[in-house]
Amino acid sequence: MQSKVLLIYTGGTIGMNRNPQTGALEPFDFEHLLFNVPELKEFDTEIDTYQFSPPIDSSDMSPRLWTDLSHVISDHYDEYDGFVVLHGTDTMAYTASALSYMLENLTKPVIFTGSQLPIGLLRTDGKENLITSIELAAAKDDEGHARVPEVGIYFNSRLLRGNRTTKQSAEEFNAFESFNYPHLADAGVNIVYHPERILKPDFSKPMTPHFRLDNNVIIFSLFPGIREDLIRHIIHTPNLKAIVMRTFGSGNAPQSPWLINALKEGTRNGKVIVNISQCLQGCVEMGRYDTGFHLQEAGVVSGYDSTVESAVTKLMFLQSHYSDPEQIRHSMSCSIRGEITKTAT
């Protein structure tokens, strides 16, 4: 039976054209994008399209739009074998992470892709990204199940787990990498899948969509010379429920008494503070050095090897479901969509 894939265009460089007057990139009609990829007609896959109108610059992406995207996928879930989402690269890792939490027990592929150059340009990377993403979204195993039943990002011949991925380059075609998790598939002459790395949902149960997010969360990075008054201002921000704190190395922070006291005050007042390393690769190990141990004593929870994008969207998801900070802290320490490897504390 012929596979059916829904191609969802949210916006981004892949669907842009250069304004001859200003030289700036502007979105154009989705039909023009399809005109530039005549190879789509050669697929043994039925491809339907859905366009966000107006197209969204990825810098303007928001939880409300993530909810809209979750609705689009859930509303059409039974009609299609897979979904390809065309998205701007700047916030793609945030959106892919958010959707991984919002689509529980996902049994079909949701493949995000885009490009560094518009699809109408001769040297565009968009054609290969789009064509292979559709093939990944349509692929089934011998039992008729999706080969990649999870949210992924496909870019430059690599399929990555969405909630493990970070944009690593604004210039190169290999714009994304999942530094703490291996590729789900590699596309060369053939597409080589790595099934042992791919999530295995319960195909006998339905996918459960979620449409609520609570964005009362903030990210801040520690740095030498960080000011006490600014940290305390963040800690005392009204309605703030959670903080993603980007620390040094394997989860270390300055041993200043004022910092530890401020973090203790925040956790006592119900704020969830998650420790994420500023390093692209590696894991937070709060018991490794004395500085990390003091953070544990202050009530800070480990983010393990999570990306910042995944941690902040996971907090949005959990905060919309639980009012108890302890429940959120516990869930942040568990892998619910394959987002962390719990190997250290």
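The values are calculated or read from the model by the stated rules, or taken from the named source; none is laboratory data. The shown structure was predicted, so the numbers you read here are calculated from the model rather than taken from an experiment. With ideal geometry, Cβ positions are generated from the backbone for all residues, glycine too; neighbour counts draw on all protein chains shown. When the accessible area is computed, the model is the full protein with side chains, heavy atoms only, and any ligands, DNA or RNA have been set aside. Shrake-Rupley method; radii C 1.70, N 1.55, O 1.52, S 1.80 Å.
This table checks each residue for (1) modelled with pLDDT under 95; (2) within 21 Å of residue 270 (Cβ to Cβ); (3) open to solvent by 10 Å² or more (accessible area, probe 1.4 Å); (4) not in a loop (DSSP other than H, G, I, E, B).
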residue: 288; (1), (2), (3), (4): yes, no, yes, no
residue: 305; (1), (2), (3), (4): no, no, yes, no
residue: 309; (1), (2), (3), (4): no, no, yes, yes
residue: 315; (1), (2), (3), (4): no, yes, no, yes
residue: 318; (1), (2), (3), (4): no, yes, no, yes
residue: 322; (1), (2), (3), (4): no, yes, yes, no
Members of segment 324-341 found to be among the acidic types (Asp, Glu), open to solvent by 20 Å² or more (accessible area, probe 1.4 Å) and not in a helix (DSSP H, G or I), listed by number: 324
Is at least one residue of segment 116-132 in contact (Cβ under 8 Å) with a residue 12 or more places away in the chain, open to solvent by less than 40 Å² (accessible area, probe 1.4 Å) and within 13 Å of the chain's Cα centre (by Cα)? no
Failed condition for residue 112, given (1) farther than 25 Å from residue 201 by Cα; (2) open to solvent by less than 30 Å² (accessible area, probe 1.4 Å); (3) touching a His at 6+ places or on another chain (Cβ under 8 Å), with all others met? (1)
If you take the residues in segment 227-245 that are open to solvent by 60 Å² or more (accessible area, probe 1.4 Å) and not in a helix (DSSP H, G or I), which one is nearest to residue 322 (Cα to Cα)? 241
Which listed residue is at pLDDT 95 or above, under 23 Å from residue 184 (Cα atoms) and out of contact with any strand residue (DSSP E or B) (no Cβ under 8 Å at 6 or more places or on another chain), from 138, 93, 98, 146: 98
Residues being surrounded by fewer than 17 Cβ atoms within 10 Å (Cβ to Cβ), within 10 Å of residue 325 (Cβ to Cβ) and within 27 Å of the chain's Cα centre (by Cα) - total across segment 261-285: 1
Taking segment 1-52, which residues are at pLDDT below 85 and within 15 Å of residue 129 (Cα to Cα)? 12, 13, 14, 15, 33, 34, 36, 37, 38, 39, 40, 43
Does residue 148 fit the bill of being assigned to a loop (DSSP other than H, G, I, E, B) and crowded, with 18+ Cβ neighbours inside 10 Å? yes
Kindly indicate the residue of segment 157-185 that is in a loop (DSSP other than H, G, I, E, B) and charged (D, E, K, R) and also most open to solvent (accessible area, probe 1.4 Å) among those meeting that condition. 171
Which numbered condition trips up residue 204, out of (1) open to solvent by less than 20 Å² (accessible area, probe 1.4 Å); (2) out of contact with any Lys or Arg (no Cβ under 6 Å at 6 or more places or on another chain)? (1)
Quick check on residue 299: is it in a loop (DSSP other than H, G, I, E, B) and either touching an Asp or Glu at 6+ places or on another chain (Cβ under 9 Å) or closer than 19 Å to residue 99 by Cα (or both)? no
Within segment 125-140, work out how many residues are in a helix (DSSP H, G or I) and farther than 12 Å from residue 37 by Cα. 7
